[in-house]
Amino acid sequence: MIANFITYLSFLVKSTNQHGVHSPFVYNLLTKCLYKRPRRHYNRTKNLVLKSIPYFNIKHVLWHGHAEFKKEIAACYPHVIFGSPPYDLVFVEELPQINFDFLMEIGEIHNDTVFVITNLFKTNKRDWKQLINTKDITVSIDAFWCGILFIRKEQEKEHFTIRI
């Protein structure tokens, strides 16, 4: 419990909000989507996913997470199709559940695919660093509660630590 509190305090010291971001893509994501009211869910990660679906016009989702949350998404966004590539959103509970290189190799993800990894503060940091250092990942956001990854080939590789 105390270790989690110290980890969170360390995150708060390192993190920023939209004012510390120099990427137009990430700045717009924060100001026009994630920081925009109203909140869709009390859980920060679920709120992020629920707001991201209309912002990124997500239609196809690869889901490795709670079935109850999947049902919530299906109820809010009936147009979303689960398990049909190419995926616009990949949602995973833990990093070992995703084989990024394999998905890239077989063409099931694309330049605008959004990856959301929950429970990032519980994740092995070595696995997270290895994933964000993958050559195809150009934008990574550590939001403590979750991690967000983008392929965006048109953008320079950048990592952000942001309070959401």
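The values are calculated or read from the model by the stated rules, or taken from the named source; none is laboratory data. None of these values were measured; they are calculated from a predicted model. Note that we place each Cβ from the backbone using ideal geometry, even for glycine, and neighbour counts take in every protein chain shown. These accessible areas exclude ligands, DNA and RNA; they are computed on the full protein's heavy atoms, side chains included. Shrake-Rupley method; radii C 1.70, N 1.55, O 1.52, S 1.80 Å.
Before moving on, here are some points about what is shown:
- Filter pass, Asn47 being farther than 23 Å from Lys125 by Cβ, open to solvent by 30 Å² or more (accessible area, probe 1.4 Å) and modelled with pLDDT of 90 or more: no
- Ile141 being assigned to a strand (DSSP E or B) and open to solvent by less than 70 Å² (accessible area, probe 1.4 Å): yes
- Qualifying positions in region 144-164 - in contact with a helix residue (DSSP H, G or I) (Cβ under 8 Å, 6 or more places away or on another chain), open to solvent by 20 Å² or more (accessible area, probe 1.4 Å), part of a loop (DSSP other than H, G, I, E, B) and not basic (Lys, Arg): Trp145, Gln155, Ile164
- Taken as a whole, the condition of being out of contact with any Leu (no Cβ under 7 Å at 6 or more places or on another chain), open to solvent by 60 Å² or more (accessible area, probe 1.4 Å) and charged (D, E, K, R) applies to Glu68.
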